[in-house]
Amino acid sequence: MRTVQGAALGGFGALVRGLVGTRPRPADAVTASAEALHSLRARHGCAPRLLRTRSGKTVLVLLDPRDLRRFYAEPPTVLVADPPRKCRAPDPGEPLGTGPAYGGPRPERRRVDTEALTPGLPVHPSYPRFRAVLAEEARHLTAAGTLELGRVRRAVDRAARRIVLGDAAADDEQLTGWLRHLRADADDARVPQPPPNGPPSPTRTAARSPHGKADARIRAYAARAGRDTLVGRAAPHGDALGRVHPWLSALDTIPGTLLRTLLLLGAHPCELRRAATEAAGDPGPGELPRLRACVREALRLYPAVPELVRVARTETRWQGVSHPAGTTVLLPAGFHQRDPEQVPAAHAFVPDRWKGPGADRDVRMAPFGHGAGRCPGDQLGLLLTAALCAEVLRGHRIEAVRPALDPVEPLPALLDPRAIRLSLTRR
Ligand code: HEM
């Protein structure tokens with residue numbers, strides 16, 4: 001078995017940084033990841049490779065495009081989804097916690113997600129209100145004439161709290177801070193901590209902990225939330241409170257995706273003109289198909305979730321080799337959807353590739369995954385991001401962008417949203 005040095009599961013860049021045995025800067029790490037996997041495939045063929053991380057975790061990495069379909073198609077009784085960190089709450093033991101929703105032991109969570117997020121419906125039933133919220137928050141977004149991550153995050157955080165919990169939560173930055181803190185803590189929890197001094201009182205600790213405080217705050221907002229909020233839609237169908245944190249966490253992917261989409265548009269004037277024309281027009285029931293294609297394409301190039309993970313519940317055979325139950329199977333979706341051997345113009349921004357009706361089901365490209373584990377918020381996430389792009393483009397031109405992108409050259413492997421600056425001028 002190949003040992004992956006210095007790698008921690010949960011970051012594809014990190015995984016393959018281990019493979020190449022160096023400590024490159026993030027952009028190099030992603031390029032190295034792709035190069036390392038291509039060279040692994042060239043040297044050893046397409047068969048899945050068992051790699052061991054430094055923490056001792058073994059993962060089966062799928063390199064063969066022919067294995068993709070099966071990864072997505074296996075029922076949860078065979079491969080159970082391990083939801084991405086961005087779309088789950090940190091600790092299953094805590095009051096607001098959540099484990100795998102789909103195929104895991106708690107299918108009622110799927111029911112709650114389905115009622116709230118309406119996967120499969122391109123336009124969410126609460127969209128008239130969501131659209132009004134986005135229009136209001138976009139005013140803060142564009143007021144300064146420049147767009148950068150801090151500003152975009154503040155606007156999206158406000159919109160997300162209003163969409164999930166209602167207008168009463170609009171200003172509650174503290175709640176967002178607690179939830180981010182909990183996610184960061186959950187990541188740190190992988191590292192063993194020294195024992196505390198003396199036994200804590202469980203009740204008092206729970207009440208004072210960020211989790212306890214966030215829990216109480218969420219309960220209070222949910223009690224007043226309207227039926228057109230996510231928590232209000234979900235409430236009659238099960239434990240809506242338990243889904244608030246994963247939903248807010250998932251909406252956190254929007255700022256980076258919004259900035260990357262606008263940056264790519266700024267570097268592709270023809271695409272920008274078409275997107276701006278759509279934004280200026282009267283959006284119909286299909287709501288912003290061109291802008292949605294641009295968002296999908298930005299996510300193909302720069303996925304919010306670059307690796308998908310399943311855990312085998314039974315023994316499975318991959319290309320003739322058996323692997324025991326409990327094997328972690330990793331699909332490096334970011335690698336496959338930019339694989340020039342499989343995807344035409346893999347490193348170029350081509351929103352039109354998403355035009356055909358089959359594109360959304362093409363397993364080579366998976367910004368939201370496919371099959372039973374597919375993101376239940378895919379349509380909502382696309383719609384909200386496209387609508388925010390439209391709010392920006394409706395009143396403004398994108399004049400200058402940083403970093404500069406050359407539309408003729410292959411696009412860079414990584415676009416750090418913290419480094420993106422867009423200058424806007426009024427139309
Ligand atoms: C545009 C932004 C988004 C992207 C790129 C995205 C992507 C993904 C991906 C790739 C997965 C895992 C699929 C798999 O394992 O095969 C996932 C899962 C999930 N997403 Fe999203 N998502 C987005 C927006 C949202 C939104 C807006 C929500 C809800 C408000 C949401 C809720 C979830 C949930 C709850 C899961 C995990 C389901 C489970 O527990 O198994 N996502 N998402």
Exercise for the section: Return yes or no: is Arg292 among the charged types (D, E, K, R) and either within 12 Å of the ligand (Cβ to nearest atom) or open to solvent by less than 30 Å² (accessible area, probe 1.4 Å) (or both)? Expected result: yes
Fill in the blank from the handout: Given (1) open to solvent by 10 Å² or more (accessible area, probe 1.4 Å); (2) farther than 30 Å from Leu63 by Cα; (3) in a helix (DSSP H, G or I), Ala372 misses just (2)
Practice task
Filter region 128-153 for residues that are open to solvent by 50 Å² or more (accessible area, probe 1.4 Å) and in contact with a helix residue (DSSP H, G or I) (Cβ under 7 Å, 6 or more places away or on another chain) and give the result.
Solution key: Arg131, His140, Ala144, Arg151, Arg153
Practice task
Look through region 391-419, keep the residues that are among the small types (Gly, Ala, Ser) and assigned to a loop (DSSP other than H, G, I, E, B), and return whichever of them is most open to solvent (accessible area, probe 1.4 Å).
Solution key: Ala404
Exercise for the section: Could you check, for region 205-218, whether at least one of its residues is modelled with pLDDT under 90, farther than 29 Å from Arg129 by Cα, out of contact with any His (no Cβ under 8 Å at 6 or more places or on another chain) and within 16 Å of the ligand (Cβ to nearest atom)? Expected result: no
Problem - Which numbered condition Ala170 fails, given (1) modelled with pLDDT under 95; (2) open to solvent by less than 40 Å² (accessible area, probe 1.4 Å) - result: (1)
Exercise for the section: Would you check if Leu388 is assigned to a loop (DSSP other than H, G, I, E, B) and hydrophobic (A, V, I, L, M, F, W, C)? Expected result: no
Completion exercise
Selection from region 108-127 of residues part of a helix (DSSP H, G or I), modelled with pLDDT under 95 and open to solvent by 50 Å² or more (accessible area, probe 1.4 Å) yields Glu108, Arg110, Arg111
Exercise for the section: Within region 396-412, identify whether any single residue is within 16 Å of the ligand (Cβ to nearest atom) and under 23 Å from the mean Cα position of the chain (by Cα), and answer yes or no. Expected result: no
Exercise for the section: Identify, from the list Leu175, Leu149, Leu182, Leu165, the residue that is within 19 Å of Ala240 (Cβ to Cβ) and under 19 Å from the mean Cα position of the chain (by Cα). Expected result: Leu182
Practice task
May I ask you to list the residues in region 253-274 that are more than 16 Å from the ligand (Cβ to nearest atom) and either more than 21 Å from Ala345 (Cα to Cα) or surrounded by fewer than 24 Cβ atoms within 10 Å (Cβ to Cβ) (or both)?
Solution key: Gly266, Ala267, His268, Pro269, Cys270, Glu271, Leu272, Arg273, Arg274
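Restricting to region 338-352, what's the tally of residues that are open to solvent by 30 Å² or more (accessible area, probe 1.4 Å) and at negative phi?
Of the residues in that region, 8 qualify.
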Exercise for the section: Quick one: count up the residues across region 320-366 that are in contact with a Ser or Thr (Cβ under 9 Å, 6 or more places away or on another chain) and either in a helix (DSSP H, G or I) or within 12 Å of the ligand (Cβ to nearest atom) (or both). Expected result: 3
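The values are calculated or read from the model by the stated rules, or taken from the named source; none is laboratory data. Computed from a prediction, not measured in an experiment: that's the story for all the values here. Don't worry about glycine lacking a Cβ; one is built from the backbone with ideal geometry, like all the others, and counts go over all protein chains shown. Areas reflect the complete protein model, heavy atoms only, side chains present, ligands, DNA and RNA absent. Shrake-Rupley method; radii C 1.70, N 1.55, O 1.52, S 1.80 Å.
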